[in-house]
Amino acid sequence: MKFKPKTAKLYALFNQQTTMNQNNPNHNASSHTNQINYQPNCTLAMAQKRAEFYQLIRQFFAKREVLEVQTPLLSKAGNTDVFLQSVEANLTVLDRAITYYLHTSPEFAMKRLLAAYQVPIYQICSVFRNNEIGNRHNIEFTMLEWYRPNFSLDALAKELNALVSDLLGYPVVFDYYRYVDAFLDYVKIHPLNAGCDTLKAIANDHGIFVDMGDDHQGWLDILFSHLVEPNLGKTLPTLIFDYPVATAALAKTAKDQDGNLVAKRFELYINGLEIANAYDELADGDLLKKRFQQDNIKRKRCGLPIMPIDENLLQACDDLPPCSGIALGLDRLLMVKTGAKTIEQVLSFTSLNA
């Protein structure tokens, strides 16, 4: 699984036009680049709180006999997701110039380990998403990702609850909320039944002017991020589940209570922040390859680079045990813990002053 990407090509253009200045505390590029200041963004007290977070996480998983692992940041394969742009790295390997990619998530390499070791694993690492800068985003950020063989999504949600309770320092109660119900409450339409024209009209009514064409899920993503997401997790941390099947990515699918095909995944929101994203992991190499190929077709249509597919991952799927996996944004959860208003307050250095 992976921490959910937010930035489609057209959405990125819209986002830059409408929210970049308000979301980016360093949006005055001229003043920023002309001032040299070596000082870190976060205070010593914040750095100590981060260190405490890491210590608590390692204690949590050690008690549960979950193995900490480390995988490479660089890979010859990239992420094909249309809504996510990888950071390229031009390397010389054995005197040959080769393009590698900084991972957007440790998912692919961790699944190779999981297929080989057949034991629960976790990792704390930096991940990279190109062109994502703002109050809640940084190109490089810290992810906690873990995989649980023979765990259902319900079991994983309970473990997530226990971990978040430990990290925040008080018992946490999750509110469970269907994706469809969230749309009905905040957008006043059924997301699976509304056509693109209706979704576009709603977007325009709220001052959102982009052209997603006939990309139904693209319209839903924009409306969700602007009209639904800011309201989530205000009273209780909220788990959104039963996402549209178009968002399945590397997740299995199933029928919901209304008979609609949905993705077997959930996301955790606290104070309008997406904190974690979990999948009941798909282990069908042939189906995954088709999804990756479909992604690349969409990327070509959008004028985005075609990404090399991770053939090692596809081969590992043959030995991957039934499992659920989750990625958690540690920087954002630290923001929740400390009351920080922007991500730069919890980072030593942002991408703008690294």
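The values are calculated or read from the model by the stated rules, or taken from the named source; none is laboratory data. Because the structure is predicted, anything quoted here is derived from the model rather than measured. Virtual Cβ from ideal backbone geometry, glycine too; neighbours counted across all protein chains shown. Each accessible area value is taken on the protein alone, full model and side chains, heavy atoms only, with ligands, DNA and RNA left out. Shrake-Rupley method; radii C 1.70, N 1.55, O 1.52, S 1.80 Å.
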Q | Area of Lys49 that stays accessible when all protein chains are in place (1.4 Å probe, Å², to 10) | A | 90
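Hey, can you rank 58-64, 274-280 by average C-beta count inside 10 Å, highest first?
274-280, 58-64
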Q. When the Cα atoms of segment 224-354 are enclosed in a convex hull and the volume is divided per residue, what value in Å³ results?
A. 180
Q | Mean Cα-pair separation over length for the chain, i.e. relative contact order, pairs under 8 Å, 6 or more apart, % | A | 24
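Let me check something: with ligands and nucleic acids excluded, how do Thr71, Thr99 order by accessible area (1.4 Å probe), largest to smallest?
Thr99, Thr71
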Q: Pull out a ≥ b ≥ c, the square roots of the eigenvalues of the alpha-carbon gyration tensor of segment 120-224, then state rounded if a/c is under 1.5, prolate if not and a/b is larger than b/c, and oblate in the remaining case.
A: prolate
Q. Pick from Ser105, Ser225, Ser75: which is most flexible by mean-square fluctuation in a GNM of the chain where alpha carbon atoms under 10 Å apart are linked?
A. Ser225
Q.
Beyond a 23 Å Cα-Cα separation, which of these cross-linked pairs lie in this structure: Lys252/Lys298; Lys188/Lys252; Lys76/Lys290; Lys264/Lys300; Lys264/Lys289?
A. Lys188/Lys252; Lys264/Lys300
Q. In segment 50-134, which GluC sites (Glu not before Pro) fall in coil by DSSP and have 16 or fewer other Cβ atoms within 10 Å?
A. Glu65
Q. For segment 192-285, what does the alpha-carbon gyration tensor say about shape, rounded, prolate or oblate, given a ≥ b ≥ c as the root eigenvalues, a/c under 1.5 as rounded, and a/b over b/c as prolate?
A. oblate
Q: Please give the direction-averaged projected area of the C-alpha convex hull for segment 68-151, in square nanometres with one decimal.
A: 6.9
Q. Which of the helices in the chain, when you take each full DSSP H run, stretch at least 18 Å along the axis at their Cα atoms and have an average Kyte-Doolittle score of -0.5 or higher?
A. 44-63, 153-168
Q) Size of the dipole of segment 78-211 about the Cα centre, Lys and Arg at +1 and Asp and Glu at -1 on the beta carbon, nothing else charged, in debye to 20? A) 260
**Q.** Highest-fluctuation residue, Leu250, Leu288, Leu94 considered, GNM on the chain with Cα pairs under 10 Å
**A.** Leu94
Q: Show me 251-260, 238-247 ranked by packing, highest mean number of other Cβ atoms within 10 Å first.
A: 238-247, 251-260
Q. For segment 45-104, rounded, prolate or oblate, judged on the Cα gyration tensor with a ≥ b ≥ c (square roots of eigenvalues), a/c < 1.5 rounded, else prolate if a/b > b/c?
A. prolate
Q. Along the three principal axes, how long is segment 239-289 when you take its alpha carbons, biggest first, rounded to the nearest angstrom?
A. 38, 26, 14
Q: Quickly estimate the mean residue ellipticity at 222 nm for the chain, helices only: each DSSP H run with n ≥ 4 gives -39500 (n - 2.57), and the total goes over all residues, rounded to 500.
A: -10500 deg cm²/dmol
Q: State in Å² the accessible area per residue of the chain; use a 1.4 Å probe, count heavy atoms of protein chains only, and round to the nearest integer.
A: 47
